Structures are given as structure tokens and as C-alpha cells.
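K.L.:
Let me begin by handing over the structure; questions about it come next.
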Amino acid sequence: MSRTRPRLPWMAVLLLAAASHAALAATTQIPPWYTLTATLEAPPQIKVPVVAKVTVGAPLVDLQDLEIVLVPPAGWAGTATPSQRLDRLAAGETRTLSFTLTPTGPVAHGSIVVFLRTPVPKGAIQEALRATMGEDGPAMAERVAAWPAHGEGITEIAFSLLPEESFYPLTGDMWTTYDDRLKKEPALRGPVLFREAVVTPFQAQTDVDMHDRLTGLLQTDPTLAGTLEAQGIDLARKRQDLLLGLYVLATEAYLKGETATAQSFLARLQNELAQAPPAVGQALQIPAGNLRGLLQWSMGDRKAAEETLRATFYRDRKAPVQRYLLRNLGLLMLEKGDQTTAREMFRLALELKPAYTLLQEEYARLKKP
């Protein structure tokens, strides 16, 4: 029986073609003639001045008469349109400019837009391309000739500024749901928990049901797992969907006061997390432990709640989200009348994030013994 030459699968052919096209595009890409980046020195806080740093660079040729303009959220204190000018940037030079802004109120989906406006030194760019880009240089220079006389670059600083806390940069450690049913003076809000914003309870229930059906099929046919993975179905991802689904359902039941239902979902979640590989369930360990502690607290079992919250904190004491566990422990200490320990919990939480506005105010309310 003769051997036939194996053919590449059509997807591999497409990937090879795309890679070849990308490699060709990379050889003809005109190098940048300016750079523009912007950052905040600290997370913004209401009525607290914050410095925006804007860095402009001239990586290819000299740039002349540059204008940098910031467009902050409406109403922020400062000049109406903060701007600065640079007469010249030499080739290879970068310059960092500072702008001081004062937030005047919450901005849930905040953005500071930064513009760079400058004449395009087309002649100098063309000369540099011909000198440095080899055989591609002349074609690149022709393309530059069609550019407009003035150029505009743009970048953005994205953040979230809420009354309780601001977030910059935007990361995964953003817990914004407060349970004021457990608020205790002198605290301003109740304990905080993580509430998934993307997965709805309906989708969560669907993910749980689908995983349960899949588990049943896998138990009856041990070869099915290999078949599914060969077809590109990620079973580890399905398990992650199950874990997140259980957490979402437990959270919603807790917030509705459905204690028994929340307990049931949390018990199953705890069991599934214990069986899951660390990489699969790691992200939910702290939120789930926190929620379990709050559920125990809401049921009047403050001792169990304290033990759960402390154990969850000691899982990873340096994780940024532990500021929430420490604050919640402090609130629980207030519930028990222990202001000294509460103050210490708040202090430790502020070490993890000094710009936690709500906690700053609550910490200041607690008198030293």
C-alpha cells in the first residue's frame, strides 16, 4: 500500500498564510515618529489633587512646536483645558510633563484624554526613512508625502472613581458591593463583597446545569473527555465556568436574604474548589471565603464569621483584595465592641491601599484608646 503525502489541514494553511502576511506587513511598517503615554501618580480621590504625567518622545526626527492638551471629566477643578507647549524635541529625546487636576465628584467610568498636536516634519521623516529602512525606505517616503501637514496623537487614562473607593489602574481587585444590612457605627458602609458584573444569575445557572450534564456523560463514557478535548472543548474552562456560576448564585442568594440557598451553593462551591487544580480555582478562593464569612455573620454566628474571615486572610496576606477582608474583620470587631482591634484592622488595610477613601474616613472616626 503506497504512502500518500500528508496535506496540511486547512486551518494550518490559513494560519501560515496569516503569519506570512504579518511578516510582510512588519517589514513595510513605517516606524513611529512620535510617542505619547500618560499615567496618574496615584488613584484619584474626590477633592484631592492628583498629578497626571504625560511623556512625549521623538524617536525618529526632531519635532517642533508641540502642544499637549488634556481633556479631564467635566467639572474637574483646574484650568478649563489644561495644556502645555514644547518648542522642540530632539530626535531620540523624551520629555515628561505634569498636570495637576482635582476631581470634584464620582466618575464611575472615568477617562482623561490626552492629545498631542504638532506639525508633521515630513521632509525629515522621509530622509530618515530613506537612510535607515533599506529597500523599503523609498516606498515609505512616498507614503509619508501623502500625510497631512499637522498630526494629532491621542492616548487615554482610564479609571473608576466611586464615593467609596477609586480604581487606577483598572484591575481585577475591584470589589464595589456593600452590604449595609450589617453596618455598625461608626462605620459609614457595611462589609464589602465581590459581585461578578458580567455573568448573570441566569447564565450562572445555565453553566452549572451544563457542567452537571457533562459530568454525567463523562462518568458513563470515560473516553468522552479525550474526544471532547480533541474537538477543542476546554474541560478546564468548563470547570471554571461551574465555579464562577456557583459563586454568582451564592452571592445573589445571600443578597436576597435566602440563607439556606446561599449556604447550599457555598457548600458545593467549597467542595468543588477543594477538588479543583489550584490554577483553576485560585481566583475565587478569597471572594468565596469572604462571602462565607459574611453569611455566617448575617446568621448571627460572629465567632464562625471571624474564624472564616481570618482563615481567608491568611491564605494570601499580601493580595491586594485583602484590604477588603481586613476592613470586614474591623467591622466585625466593631460589632463585638472591640474598637482597638477594629482600628488595627483598618490600619493594616490602609497599608495595602492608602487611597481607599471610605476606609480613610472610617479609620479617622475611631478614637485612639
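K.L.:
Restricting attention to segment 157-193, which residues are free of Cβ contacts under 8 Å to residues at least 60 places away in the same chain and either closer than 24 Å to Q285 by Cβ or in contact with an Asp or Glu (Cβ under 6 Å, 6 or more places away or on another chain) (or both)?
P.N.:
Hits for segment 157-193 are P169, L170, M174, T176, Y178.
This table checks each residue for (1) in the same structural domain as F194 (by TED's automatic domain parsing); (2) part of a helix (DSSP H, G or I); (3) in contact with a helix residue (DSSP H, G or I) (Cβ under 8 Å, 6 or more places away or on another chain).
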{"position": "A262", "(1), (2), (3)": "yes, yes, yes"}
{"position": "N271", "(1), (2), (3)": "yes, yes, no"}
{"position": "I286", "(1), (2), (3)": "yes, yes, yes"}
{"position": "G300", "(1), (2), (3)": "yes, no, no"}
{"position": "L309", "(1), (2), (3)": "yes, yes, yes"}
{"position": "R315", "(1), (2), (3)": "yes, no, yes"}
{"position": "T341", "(1), (2), (3)": "yes, yes, yes"}
{"position": "E351", "(1), (2), (3)": "yes, yes, no"}
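K.L.:
Let me ask something additional. Regarding segment 105-125, can at least one residue be identified that is among the aromatic types (F, W, Y), in a strand (DSSP E or B) and surrounded by fewer than 18 Cβ atoms within 10 Å (Cβ to Cβ)?
P.N.:
Checking segment 105-125: at least one residue is among the aromatic types (F, W, Y), in a strand (DSSP E or B) and surrounded by fewer than 18 Cβ atoms within 10 Å (Cβ to Cβ).
K.L.:
How many of the residues making up segment 150-182 are assigned to a loop (DSSP other than H, G, I, E, B) and touching a helix residue (DSSP H, G or I) at 6+ places or on another chain (Cβ under 8 Å)? So that I can check it myself, show each step before the final result.
P.N.:
The first filter runs over segment 150-182 and keeps only residues assigned to a loop (DSSP other than H, G, I, E, B), leaving 162-165, 168-176, 179.
Applying the additional criterion that residues be touching a helix residue (DSSP H, G or I) at 6+ places or on another chain (Cβ under 8 Å) yields 163-165, 172, 175, 179.
Residues that pass the stated criteria total 6.
K.L.:
Could you look through segment 118-132, keep only residues that are touching a helix residue (DSSP H, G or I) at 6+ places or on another chain (Cβ under 6 Å) and touching a residue at least 40 places away in the same chain (Cβ under 8 Å), and pick out the one that is nearest to G92 (Cα to Cα)? Break it down into steps so the answer makes sense when it comes.
P.N.:
Filtering segment 118-132 for residues touching a helix residue (DSSP H, G or I) at 6+ places or on another chain (Cβ under 6 Å) gives 122, 125-126, 129-130.
The next check asks that each one be touching a residue at least 40 places away in the same chain (Cβ under 8 Å); those that pass are 125, 129.
Working: I125: 13, L129: 15 Å.
Out of the qualifying residues, it is I125.
K.L.:
Collect the residues in segment 29-76 that are among the acidic types (D, E) and in a loop (DSSP other than H, G, I, E, B), keeping them in residue-number order. Give the derivation first.
P.N.:
Let us first name the residues in segment 29-76 that are among the acidic types (D, E), namely 41, 62, 65, 67.
Within segment 29-76, E41, D62 meet the criteria.
K.L.:
Which count do you get for residues in segment 172-208 that are of a type outside the set (D, E, K, R) and out of contact with any strand residue (DSSP E or B) (no Cβ under 8 Å at 6 or more places or on another chain)? Lay out the reasoning, then the answer.
P.N.:
Looking only at segment 172-208, we keep the residues that are of a type outside the set (D, E, K, R), and these are 172, 174-178, 182, 186-188, 190-194, 197-206, 208.
Those still in the list that are out of contact with any strand residue (DSSP E or B) (no Cβ under 8 Å at 6 or more places or on another chain) too: 172, 182, 186-188, 197-206, 208.
Residues meeting the conditions: 16.
K.L.:
Since L218 meets every condition but one in (1) surrounded by 12 or more Cβ atoms within 10 Å (Cβ to Cβ); (2) within 30 Å of A319 (Cα to Cα); (3) not assigned by TED's automatic domain parsing to the domain that holds A58, which condition does it not meet?
P.N.:
Condition not satisfied by L218: (2).
K.L.:
A further question follows. Can you name the condition, by its number, that I154 falls short on among (1) surrounded by fewer than 19 Cβ atoms within 10 Å (Cβ to Cβ); (2) without any contact (Cβ under 8 Å) to a residue 60 or more places away in the chain?
P.N.:
(2)
K.L.:
Identify, please: which residue in segment 108-141 is among the β-branched types (V, I, T) and at pLDDT 95 or above and is, among those, nearest to P43 (Cα to Cα)? Reasoning before the result, please.
P.N.:
The initial filter retains those residues of segment 108-141 that are among the β-branched types (V, I, T), namely 112-114, 118, 120, 125, 132.
Within this subset, residues satisfying the condition of being at pLDDT 95 or above are 112-114, 118, 120, 125.
Working: I112: 13, V113: 16, V114: 17, T118: 30, V120: 35, I125: 38 Å.
That would be I112.
K.L.:
Right, another one. Quick one: is A355 in the same structural domain as T259 (by TED's automatic domain parsing), more than 25 Å from Y247 (Cβ to Cβ) and of a type in the set (A, V, I, L, M)?
P.N.:
Details: in the same structural domain as T259 (by TED's automatic domain parsing): yes; more than 25 Å from Y247 (Cβ to Cβ): yes; of a type in the set (A, V, I, L, M): yes.
The answer is yes for A355.
K.L.:
Say whether the condition of being surrounded by fewer than 17 Cβ atoms within 10 Å (Cβ to Cβ) and under 29 Å from L170 (Cβ atoms) is met by at least one residue in segment 297-310.
P.N.:
Of the residues in segment 297-310, the ones surrounded by fewer than 17 Cβ atoms within 10 Å (Cβ to Cβ) are 299-304, 307, 310.
Those left that are additionally under 29 Å from L170 (Cβ atoms): none.
Checked against the condition, which is being surrounded by fewer than 17 Cβ atoms within 10 Å (Cβ to Cβ) and under 29 Å from L170 (Cβ atoms), segment 297-310 yields no hits at all.
The values are calculated or read from the model by the stated rules, or taken from the named source; none is laboratory data. Everything numeric here is computed off the predicted structure, so don't read it as measured data. Glycine also receives a Cβ, built like all others from the backbone with ideal geometry; neighbour counts cover every protein chain displayed.
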